[in-house]
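What follows is a short report on a single structure.
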Amino acid sequence: MPGKADVLKQVRAALEHEPRINLHRYPVSIDLDRDGTLMLEGDAANIAAKKLALELGASIPGVSGIVDRLRVGPTEAMGDGAIRDHIRNALLQDSALEGCGISVRVKDQMETCRESSAKPPACIEVSVNDGVVTLNGQVSSLSHKRLAGLMAWWVPGSRDVINGLEVVPPEDDTDDEITNAVRAALEKDPFVNPDRMRVSTRNCVVTLDGFALNQKEKEMAEIDAWYIFAVDKVVNPTLLAGSANPALAEAVAGALELRLGRRALERFPDGELHVELQETVRGHDVYVIQPTGPPVDEHLMALLFLADACRRAGAANLTAVVPYLGYARQDRRATGRESVAARLIADLIRTGGFRRLVAVDLHSPVLEGFFGIPLEHLSAVPILAQAVSPLMPADGVIVAPDLGAVKLAERYAKLLHLPMAIVHKTRISGEQVQVRGVVGEVRGRSPIIVDDMISTGATIEAALKALLAAGSGPEAVVVSSHALLVGAAVERLGALPLRRLIVTDSVAVAARLPLPLQVVSLGALLAEAIKRLHEGRSLNDLIAHG
Ligand code: R5P
């Protein structure tokens, strides 16, 4: 069991880490009793800060319960009597609560404002003390309980709402029930137009997405959701695209039915990059979509600058979605006195503020160990193998064009039920490679060469020439997760007997290349990964294992 000092330290650190709580401006007194009950007392910036503080406090090991004395700063100074009258009037006027009795406490006396006409009887008793509203009594449904709570929160002087209403007969609460309550709140709120907003709930965490007319409306909708009884958290995903691959970012946004967040990426006359967010991301889960293909440094800087802007603007969580990760090949010192650039890049992504990285078919699985943040290493192999299927010759052989591609080739061979061969390649320079031999049976067989990336095309060219020399079939299918196609790649590949070149759009591929190109989009895969991350669901079947 952790000691009291340890628990308090962890609670404070968790609250300090959450930008929406802002302990410096809204100090909270924190204490822990002998039974592990945590007491939080003070003024919270708003309902979101209050609920987040409670959730964070409860998540710390050693905390067994919480005493909530956090009050929300009122949006308008009001006396208890005025708050009570506002709530009473709102409850009396709401048609959904028609049969429900309403009583209010005035100077220690309960005054009946309306008798119950419901069976079994329903009654809401309202008392207000120092801005804190307490609702007692019984109502016939969870939606009535939530509605009454919302009415109380909506009064601008309310500082807290203790919703003690009992539901008779009792009802099981569900995520759908919460979704309906949030939607009903948005529909009721005269300042919100919910037509193009979507609400979903998972484990009491509400996701709001879609379109709001403006920033104010978006914030109002979020606050409404936070007000709903039993909502632990409201998350608002924001997708931001870097400059590297706007079409892919649009495809991801389209699959998620989200729009891309507004941001400006400009260059000063001296070449410096300037990044500015043009809408709020405060409290949002932000996904920055930016492959770091060529020009790699430019795209890497934009990724880091976007992270920095989001972090400083109060984003709650930052995920880098980098379908192609540049510098990944520099994962060791092959000759000595070299930099291990991949490690440095991993450090930069973490220190830049990202809490998670989503990548696709990394050059090597060892890279995972370079990252101090969780890495979701997705695989495009299943969708690429699916694209190969219709072209698959009965006499096909999967070929790894070098030793580094053997694991990848094994995965294709398994999915496509084909035998495998390996080309023994050595690299002489960035542009030149040399083949030493071919291992496996390729004579008379149609090669399907698979690789993680095609850069200058030298590897594919050398591999195919070696295969042809070893008596393979005259045409090859080439499959690669990332098509950088730099230097002489297009000419090289164009001169080869290729039946098809199948790649993903991890890196933007120029249109109308003189190649038999088929581009498979990663849009749906990345969207599915983002959706599941957001909902806290498993990504196991999307991950590149092994
Ligand atoms: C090497 O280990 C990689 O898997 C690729 O085979 C290589 O980077 C491709 O580069 P290029 O097309 O320039 O040969």
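The values are calculated or read from the model by the stated rules, or taken from the named source; none is laboratory data. In this text, all values refer to a predicted model and were calculated from it rather than measured experimentally. In this analysis, Cβ positions are derived from the backbone assuming ideal geometry, glycine residues included, and neighbour counts consider all displayed protein chains. Protein only, heavy atoms only, side chains kept; ligands, DNA and RNA dropped before computing areas. Shrake-Rupley method; radii C 1.70, N 1.55, O 1.52, S 1.80 Å.
Looking at segment 410-458, which of the residues that are of a type in the set (Val, Ile, Thr) and over 23 Å from TYR324 (Cα atoms) is farthest from the ligand (Cβ to nearest atom)?
Of everything passing the filter in segment 410-458, VAL442 is farthest from the ligand (Cβ to nearest atom).
Can you name the number of the only condition in (1) within 12 Å of the ligand (Cβ to nearest atom); (2) touching a His at 6+ places or on another chain (Cβ under 9 Å) that THR504 fails?
Every condition holds for THR504 apart from (1).
Look at segment 507-525 and say how many of its residues are farther than 15 Å from PRO291 by Cα, touching a residue at least 40 places away in the same chain (Cβ under 8 Å) and within 16 Å of the ligand (Cβ to nearest atom).
Kept after step one, since they are farther than 15 Å from PRO291 by Cα, are these residues of segment 507-525: 510-520, 524.
If we keep only those that are touching a residue at least 40 places away in the same chain (Cβ under 8 Å) too, we end up with 518, 520, 524.
Imposing the further condition that a residue be within 16 Å of the ligand (Cβ to nearest atom) reduces the set to none.
Total meeting the criteria: 0.
If a residue has to be farther than 24 Å from THR504 by Cβ and open to solvent by 60 Å² or more (accessible area, probe 1.4 Å) to count, how many in segment 420-454 make the cut?
Selection size over segment 420-454: 9.
Of everything in segment 27-81, what is part of a loop (DSSP other than H, G, I, E, B), surrounded by 14 or more Cβ atoms within 10 Å (Cβ to Cβ) and out of contact with any Asp or Glu (no Cβ under 9 Å at 6 or more places or on another chain)? Give them in sequence order.
Looking only at segment 27-81, we keep the residues that are part of a loop (DSSP other than H, G, I, E, B), and these are 27, 33-36, 45-46, 60-64, 73-79.
Keeping just the survivors that are surrounded by 14 or more Cβ atoms within 10 Å (Cβ to Cβ) gives 36, 45-46, 60, 62-63, 74, 78.
Within segment 27-81, GLY36, ALA45, ASN46, ILE60, VAL63, PRO74, MET78 meet the criteria.
Quickly run through segment 87-146 and pick out the residues that are in a strand (DSSP E or B) and among the aliphatic types (A, V, I, L, M).
Listed by number, the residues that qualify are ILE102, VAL104, VAL106, MET110, ILE124, VAL126, VAL128, VAL132, VAL133, LEU135, VAL139.
Within segment 529-546, restricting attention to residues that are of a type in the set (Gly, Ala, Ser) and loosely packed, with under 14 Cβ neighbours inside 10 Å, which residue is modelled with the highest pLDDT?
Step by step, filter segment 529-546, then rank; the result is SER538.
Mind checking whether some residue in segment 315-329 is farther than 25 Å from ASP402 by Cα, part of a loop (DSSP other than H, G, I, E, B) and away from the ligand (no atom under 16 Å from the Cβ)?
Yes, segment 315-329 contains a residue that is farther than 25 Å from ASP402 by Cα, part of a loop (DSSP other than H, G, I, E, B) and away from the ligand (no atom under 16 Å from the Cβ).
Return yes when GLN386 is of a type in the set (S, T, N, Q), in the same structural domain as ALA483 (by TED's automatic domain parsing), open to solvent by 30 Å² or more (accessible area, probe 1.4 Å) and not in a helix (DSSP H, G or I) and no when it is not.
So GLN386 does not fit the description; no.
Mind counting the residues in segment 477-500 that are open to solvent by less than 20 Å² (accessible area, probe 1.4 Å), farther than 23 Å from GLY242 by Cβ and in contact (Cβ under 8 Å) with a residue 40 or more places away in the chain?
Total meeting the criteria: 2.
Among the numbered criteria (1) out of contact with any Cys (no Cβ under 9 Å at 6 or more places or on another chain); (2) open to solvent by 20 Å² or more (accessible area, probe 1.4 Å); (3) assigned to a loop (DSSP other than H, G, I, E, B); (4) not aromatic (Phe, Trp, Tyr), which single criterion is violated by ASP176?
Condition (3) is where ASP176 drops out.
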